[in-house]
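Q: Take this structure first; my questions come after.
Nothing in this text is a laboratory measurement; each read-out follows from the coordinates by a stated rule. Because the structure is predicted, anything quoted here is derived from the model rather than measured. Counting neighbours? That spans all protein chains shown, and the Cβs are built from the backbone with ideal geometry, glycine included.
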Amino acid sequence: MPEHRTLCPYCGVGCGLLVEVRDGAVTRVKGDPAHPANFGDVCAKAVHLPPVLRTADRLRYPMLRARRDAPLARAPWELALRHAGDRLREIVAAHGPDAVAFYASGQLTTEEYYVASKLAKGFLGTNNFDTNSRLCMASAAAGYARSLGADGPPAAYADFERADCFFLIGTNTADCHPIAFKRIRRRKLAAPAEVTVLVADPRWTETADLADLHLPLRPGSDVALLNAMLHVLWREDLLDRRFLAARTSGWEALRAVIARYPPERAASLTGLSPEIIVAAARSFGRARAALTLWAMGLNQSHAGTDKNTAVLNLHLATGQIGRPGAGPFSLTGQPNAMGGRETGGLAHLLPGYRAVADPAARAAVERHWGLPAGAISPRPGRSALEIFEGLAAGEVRAVWIMATNPAASMPDLDLVEKALRQADLVVVQDAYHPTETTRFADVLLPAAQWPEKDGVMTNSERRLTYLPKLVEPPGEALPDAEIVVRLARELGWKDAFPYEGAAEIFDEFAALTAGTPCDYAGASHERLRDEGPLQWPVPAPDHPGTARLYADGRFPTATGRARLVPVEHNEPVEPPDAAFPLTLTTGRVRDHWHTLTRTGKAPALAARTPEPVLEVNLHDARRAGLQDGDFAEITSRRGKAIAQCRVSAAIREGTCFLPFHWGRQAGFYKSANNLTLGARDPISQQPELKACAVRLRRLPEGGA
């Protein structure tokens, strides 16, 4: 059968796929050897995509609820959109545009993100447009912008083959980004004496198993470790003094802070020995090319921006940025989380990494969209959790949710469910029904998914890949972009949304990025189809793309210098105490993706990992009367969960781990987010999903 090139719809590695289609259905998926993100490697989630596309719970037709206590009933598209449009108009007229909010997803294509953001921010007049990337990468975006002047990972996957020191912190790369991990492992095994791998993680995982040095630090103590490593490098004269003087500002203020983090003090904060901190620092500082990789373990914290900043300080002080094999490289969790940031898909952003609060940025976007001056609100909108808090308080009246399942993925699910019940209008676009979120919908709209639509996505290394439409969506399902365009026309803005396809949307957006840090004015659907993936910035049609940012040592700040920003250790918001003696951390497992709406329907994946499992240290288990295989009740200040225990020494004492994929639909007490809290970073507004205080109780066999 002929094979079609496309992109994997799972994590931010952005693997190229070859897909066979027979009789209008995807029959086989394998890795694309020509794609520079994976060179033919592929993980199990991608291999098992075919059975999740045509399932019994695919949403095929629009549905409406006549009143809140009535069942959803099938409706024609025209009626569903007219009803949604009328309700939006009524709410805006009565309460103003900020009574409306949109909540989207890194599963959307760049074109879908762009038109939805344009509708909300430019025409409805609300900046309440945020996405589940706020739960994922907001702290990385804020950290890059604060230190380097703009968002965007500076490094590339090609650096995996050139680095001689890998520092993995806050990432279980083997499970969460398996193809990236395979490249790291190949590099290590090819030159074991030359390449050092450092892994900072409270758990011993497959990732840690590759490490020369495993640092099982206490959850939340990352800044103490990073500051102490920088202290050692300063004390032992392993900094790049020339780079510091010529390319950065703020060293004296930073030096005053790191002077207070000798390894001995950091040891008391992190639970590590002073010797292992010194060894890690020396490995990093003596490396020819050091590459730091991180993900949710740093980002999902009330101090997530500071943790990212501490990583960036380490790289800037050692000159490990902008050259082959080196750089601070955040790993995005979703296939188009980067594209969402580029299109202005966060409540404080406009397209092209422009800030809502910047008058010149607003004016540029208003001109591009044909809006009168002052049409775009200067106030940043509500971030993800603020949207749901606003709904619960009655300050937000309507929410439009696209390609995401917040009633499973958000912290403090009782608040989220209350918010959706309180809303005057809940519209949900999804490919599946029911989910934890669709059951609250007043209007339910069937969305096409991969590979039933075309568009572009950006992976973790800033690489744009074109995804062709390969099969027809089931029933009356439509691409998210077409749904948004139809809504915009229903609301009276036909001339501003004239698009006949995704290529036209892409061209309009690409032109708007010209001259910005994420410039891809030189890209188009046609070029990406013909030439293959490109890394931005790609400012002209003959530009080859950019593998690494800041190779010239200049940064997009007012001075052209990167900023060294002093940051301090900050304990988790909810430290353990006598009533709740353990810290729970959450995360992914290899076989599943987000809230199981896809992977939960793949028979092989569901059979291999059918239930959540609680990882508990053997000493903590002994104190709770637990043995391996027992069922435990996990209780926090917000709720309870139940899971079978895996008892071992593979997780540090005082810490337990529970995967977050299972929502309440799978079983009310299977949800880790019954337990998590909504405290968040003051800069990035990212919730602290990685640390909350819990206690454990052994459940007798067969009951509570």
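Q: So which aspartates and glutamates pass the test for LYS307, namely a Cα distance under 16 Å, with those fewer than 8 places away in the same chain ruled out?
A: In chain and number order, the partners are ASP151, ASP201, ASP222, GLU568, GLU571, ASP681, GLU688.
Q: What residues have an amide H closer than 5 Å to that of GLU3, excluding those fewer than 5 places away on the same chain, when H is modeled at 1.01 Å from N in the peptide plane?
A: none
Q: Then there's this: With θ taken as phi - 60° and the coefficients 6.51, -1.76 and 1.60, list the Karplus ³J(HN,Hα) couplings across the stretch 226-232 in order, rounded to whole Hz; mark glycine and proline as x.
A: Taking θ as phi minus 60°, the curve returns 5, 5, 5, 4, 5, 4, 4 Hz for the stretch 226-232.
Q: Compute the distance from the alpha-carbon center of the stretch 331-388 to that of the stretch 502-555, in whole Å.
A: Each part reduced to its Cα centre gives a spacing of 19 Å.
Q: List the pairs from LYS418/LYS670; LYS469/LYS494; LYS418/LYS453; LYS30/LYS690 whose alpha-carbon separation is above 23 Å, in the order I gave them.
A: Details: LYS418/LYS670 19 Å; LYS469/LYS494 25 Å; LYS418/LYS453 34 Å; LYS30/LYS690 33 Å.
From LYS418/LYS670; LYS469/LYS494; LYS418/LYS453; LYS30/LYS690, over 23 Å: LYS469/LYS494; LYS418/LYS453; LYS30/LYS690.
Q: Quick one: Cα centre-to-centre distance for the stretch 111-188 and the stretch 276-327, in angstrom?
A: If you average the Cα positions of each part, the centres end up 15 Å apart.
Q: For every other residue with a beta carbon closer than 13 angstrom to the beta carbon of LEU291, add +1 if it is Lys or Arg and -1 if Asp or Glu, then tell me the sum.
A: Details: positive: ARG162, ARG183, ARG187, LYS188, ARG288, ARG323, ARG548; negative: ASP159, GLU161, ASP164, GLU461.
Summing Lys/Arg as +1 and Asp/Glu as -1 gives +3.
Q: If you count, for each residue, the other Cβ atoms within 10 Å and average over each peptide, how do 55-61, 685-691 line up from highest to lowest? Please report the intermediate quantities before stating the final value.
A: Values: 55-61: 15.9, 685-691: 26.0.
Output ranking for 55-61, 685-691: 685-691, 55-61.
Q: For Cα pairs less than 8 Å apart in space and 6+ apart in sequence, what is the mean separation divided by the residue count of the stretch 582-699, i.e. the relative contact order in percent? Numbers along the way, then the final one.
A: Values: 252 pairs, mean separation 42.3, N = 118.
The value is 36 percent.
Q: What label, among (1) 37, 31, 25; (2) 79, 24, 20; (3) 49, 32, 23, belongs to semi-axes √(5λ) of the Cα gyration tensor in Å computed from the structure on display?
A: Read-out taken from this structure: (1).
Q: Then there is this: Simple spin-label model, 7 Å along Cα-to-Cβ: ALA34 to ALA393 in nm?
A: 5.4
Q: Expressed in nm to one decimal, what extension gain is obtained for the pair ALA93 and SER377 from 0.36 nm per residue of sequence separation less their Cα-Cα distance? Spell out each step's value before the answer.
A: Working: separation 284, 0.36 × 284 = 102.24 nm, distance 1.67 nm.
My answer for the length gained is 100.6 nm.
Q: What is the distance, in nm, between label points placed 7 Å from the Cα along the Cα-to-Cβ direction at ARG697 and at GLU653?
A: Output for this residue pair reads 2.6 nm.
Q: Additional query: For Cα pairs less than 8 Å apart in space and 6+ apart in sequence, what is the mean separation divided by the residue count of the chain, i.e. the relative contact order in percent?
A: Value for the chain: 19 percent.
Q: May I ask you to evaluate 6.51 cos²θ - 1.76 cosθ + 1.60, the Karplus curve with θ = phi - 60°, for each residue of the stretch 413-428 and list the ³J(HN,Hα) values in order in whole Hz, giving x for glycine and proline?
A: 5, 4, 4, 5, 5, 4, 4, 5, 6, 6, 4, 6, 8, 10, 10, 10
Q: For ALA360 and ARG489, what is the calculated FRET efficiency with R₀ set at 22 Å and r taken between the beta-carbons, to the nearest 0.05? Could you put the intermediate results ahead of the total?
A: On the way: r = 30 Å, r/R0 = 1.38.
For ALA360 and ARG489, the calculated efficiency is 0.15.
Q: Below 15 angstrom from the Cβ of GLU472, what's the summed charge of the other residues (Lys, Arg +1; Asp, Glu -1)? Present the calculation step by step, with values, prior to reporting the outcome.
A: Working: positive: ARG22, ARG54, ARG58, ARG60, LYS453, LYS469; negative: ASP23, GLU452, ASP454, GLU476, GLU482.
Charge balance in the 15 Å sphere: +1.
Q: With just the Cα atoms defining each centre, how far is the stretch 5-27 from the stretch 588-613? Give it in Å.
A: Cα centres, the stretch 5-27 to the stretch 588-613: 19 Å.
Q: Using r as the Cβ-Cβ distance of ASP23 and ASP552, and R0 as 41 Å, what FRET efficiency do you calculate, to the nearest 0.05? The partial results should precede the final answer.
A: On the way: r = 53 Å, r/R0 = 1.29.
Result of the calculation: an efficiency of 0.20.
Q: Using a 10 Å cut-off around each Cβ, can you sort ARG463, ARG561 from fewest to most neighbouring Cβ atoms?
A: Working: ARG463 24, ARG561 20.
So the residues, fewest neighbours to most, are ARG561, ARG463.
Q: Need one word for the stretch 262-316: rounded, prolate or oblate. Basis is the Cα gyration tensor (sqrt eigenvalues a ≥ b ≥ c); a/c below 1.5 gives rounded, then a/b vs b/c decides.
A: Details: a/c = 2.15, a/b = 1.12, b/c = 1.92.
Cα axes put the stretch 262-316 in the oblate bin.
Q: Tell me, for the chain, which Cys residues have no other cysteine's C-beta sitting closer than 4.7 Å.
A: Taking the Cβ cut-off of 4.7 Å, the unpaired cysteines of the chain are CYS11, CYS43, CYS136, CYS165, CYS176, CYS518, CYS645, CYS656, CYS692.
Q: Also: Arranged from highest to lowest average of other beta-carbon atoms within 10 Å per residue, in what order do the peptides 164-173, 236-245, 484-493, 420-429 appear?
A: Values: 164-173: 25.9, 236-245: 14.7, 484-493: 20.3, 420-429: 22.0.
Going by the mean number of other Cβ atoms within 10 Å, highest first, we get 164-173, 420-429, 484-493, 236-245.
Q: Let's test the formula: R0 of 25 Å, r as the Cβ-Cβ distance of ARG637 and VAL613. What FRET efficiency results, to the nearest 0.05? All intermediate terms of the calculation are to be shown ahead of the outcome.
A: Values: r = 23 Å, r/R0 = 0.92.
E(calc), rounded to 0.05, equals 0.60.
Q: Tally the DSSP beta bridges in the stretch 582-699 and give the antiparallel ones as a percent, rounded to 5.
A: Values: 16 of 26 bridges.
Counting only bridges with both partners in the stretch 582-699, antiparallel ones make up about 60 percent.
Q: Another one. Can you put HIS214, HIS4 in order of Cβ neighbours within 10 angstrom, beginning with the fewest?
A: On the way: HIS214 21, HIS4 18.
Ordered by Cβ neighbours within 10 Å, fewest first: HIS4, HIS214.
Q: I need ARG646, ARG652 ordered by Cβ neighbour count within 10 Å, fewest first.
A: On the way: ARG646 16, ARG652 21.
By the 10 Å Cβ count, ascending, the order reads ARG646, ARG652.
Q: By the scheme Lys and Arg +1, Asp and Glu -1, what is the net charge of all other residues having a beta-carbon under 10 Å from that of ALA158? Before the final figure, lay out each step's value.
A: Numbers: positive: ARG162, ARG183, ARG548; negative: ASP159, GLU161, GLU461.
After counting each charged neighbour, the total is 0.
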